[in-house]
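Chemist: Here it is, the structure in full.
The values are calculated or read from the model by the stated rules, or taken from the named source; none is laboratory data. None of the values given here were measured: they were computed from a predicted structure. Heads up, the Cβs are rebuilt from the backbone with ideal geometry, glycines too, and the neighbour counts pull from every protein chain shown.
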Amino acid sequence: MVASSSISRPIRLLVADDHPIVRRGLIAVLDDQEDMEVVAEVCNGREAIAQYRQYQPDVAILDLQMPEVKGVEAITAIRDEFPNACIIMLTIYDTDEDIYQGLRAGARAYLLKDTPLEEIMEVIRAVCEGNRYIPSAISEKYITHSERPQLSERERQVLELLATGKSNKAIGESLNITEHTIRFHVTNLINKLGASDRTDALVIAMRRGLIHF
């Protein structure tokens, strides 16, 4: 990890978090750094995309779960337009699916919100220099996830509807496919998640971060 940035001007930052206390507290710490300057703060993913486009900061710090547009979707949109965007995910979620999706979308660092402030500052400087930072515990979960069977987009849709308590028939009606096909997808879900039944599949999916309540 790089100890300090070689950029002569302050590192320009965008902070996106829907919790005002967390956002303002982080900004206060960042603005207190001589080599950092917060140029934009937002409370949802849609604004994060718009403000990134307007300010084009050196580093963007995004929460994972935000209103309107989630963090992963915001990262994808930003990097589609700005391929070299330096983005840090700062979140409370350490489940393997969240980690996998965040890093796959292009985040250069994945930090939990209980990370020491000094470490967060150093990671910002390192990412600004073009480096990546993934704590060992996060890296292990990423690797574990990568080795597991991946769910298809349709299976994810079925899983989300299962989590709402819908029956196979109701899920089929929602997705405009037959109940027989839904049973096929549910069986695949159970097998891929290593679950004993659909209830166990939901428990495992929640633990892994495939669904959030």
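Let's see how each residue does on (1) more than 16 Å from the chain's Cα centre (by Cα); (2) in a helix (DSSP H, G or I):
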{"position": "Gln51", "(1), (2)": "yes, yes"}
{"position": "Glu73", "(1), (2)": "no, yes"}
{"position": "Ile88", "(1), (2)": "no, no"}
{"position": "Gly102", "(1), (2)": "no, yes"}
{"position": "Glu140", "(1), (2)": "yes, yes"}
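Chemist: Could you go through the stretch 117-128 and let me know if any residue there is within 22 Å of Gln101 (Cβ to Cβ), in a loop (DSSP other than H, G, I, E, B), modelled with pLDDT of 90 or more and of a type in the set (Val, Ile, Thr).
Modeler: So far as the stretch 117-128 goes, no, none of its residues is within 22 Å of Gln101 (Cβ to Cβ), in a loop (DSSP other than H, G, I, E, B), modelled with pLDDT of 90 or more and of a type in the set (Val, Ile, Thr).
Chemist: Further question on the same structure: Step by step: first the residues of the stretch 184-213, then only those that are within 24 Å of the chain's Cα centre (by Cα) and more than 19 Å from Lys141 (Cβ to Cβ), then the one that is surrounded by the fewest Cβ atoms within 10 Å (Cβ to Cβ). Which residue is that?
Modeler: The qualifying residue surrounded by the fewest Cβ atoms within 10 Å (Cβ to Cβ) is Phe213.
Chemist: Same structure again: Given the residues Glu160, Glu173, which is the only one that is charged (D, E, K, R) and closer than 23 Å to Gly102 by Cβ?
Modeler: Among Glu160, Glu173, only Glu160 is charged (D, E, K, R) and closer than 23 Å to Gly102 by Cβ.
Chemist: Across the stretch 32-61, what is the total count of residues that are surrounded by fewer than 14 Cβ atoms within 10 Å (Cβ to Cβ) and within 17 Å of Glu122 (Cα to Cα)?
Modeler: Result for the stretch 32-61: 2.
Chemist: What is the residue count in the stretch 147-183 for residues that are outside any helix (DSSP H, G or I), touching a Gly at 6+ places or on another chain (Cβ under 8 Å) and crowded, with 16+ Cβ neighbours inside 10 Å?
Modeler: Residues that pass the stated criteria total 0.
Chemist: Please work out if Arg148 is within 17 Å of Thr95 (Cα to Cα) and either of a type outside the set (Asp, Glu) or at pLDDT below 90 (or both).
Modeler: Yes, satisfied.
Chemist: Could you say which residue among Glu68, Glu129, Glu73 is more than 27 Å from His212 (Cα to Cα), surrounded by fewer than 20 Cβ atoms within 10 Å (Cβ to Cβ) and not small (Gly, Ala, Ser)?
Modeler: The match here is Glu129.
Chemist: Look at Arg79 and say whether it is without any contact (Cβ under 8 Å) to a residue 40 or more places away in the chain and within 22 Å of Arg12 (Cα to Cα).
Modeler: Yes.
Chemist: Then there is this: Which of the residues that make up the stretch 24-83 are in contact with a Gly (Cβ under 6 Å, 6 or more places away or on another chain) and closer than 21 Å to Glu129 by Cα?
Modeler: Result: Leu62, Ile75, Arg79.
Chemist: Okay, next question. Within the group Leu112, Leu103, Leu90, Leu62, which residue is farther than 21 Å from Cys43 by Cα, of a type in the set (A, V, I, L, M, F, W, C) and out of contact with any Cys (no Cβ under 7 Å at 6 or more places or on another chain)?
Modeler: Leu103
Chemist: Which residue pairs have Cβ atoms closer than 6 Å, lie 6 or more positions apart in sequence or on different chains, and pair a first residue in the stretch 103-119 that is in the same structural domain as Asp17 (by TED's automatic domain parsing) with a second residue that is in a loop (DSSP other than H, G, I, E, B) and surrounded by 14 or more Cβ atoms within 10 Å (Cβ to Cβ)?
Modeler: Here the result reads Arg108/Cys86; Arg108/Arg132; Tyr110/Ile134; Leu112/Asp94, each pair linking the stretch 103-119 to a residue that is in a loop (DSSP other than H, G, I, E, B) and surrounded by 14 or more Cβ atoms within 10 Å (Cβ to Cβ).
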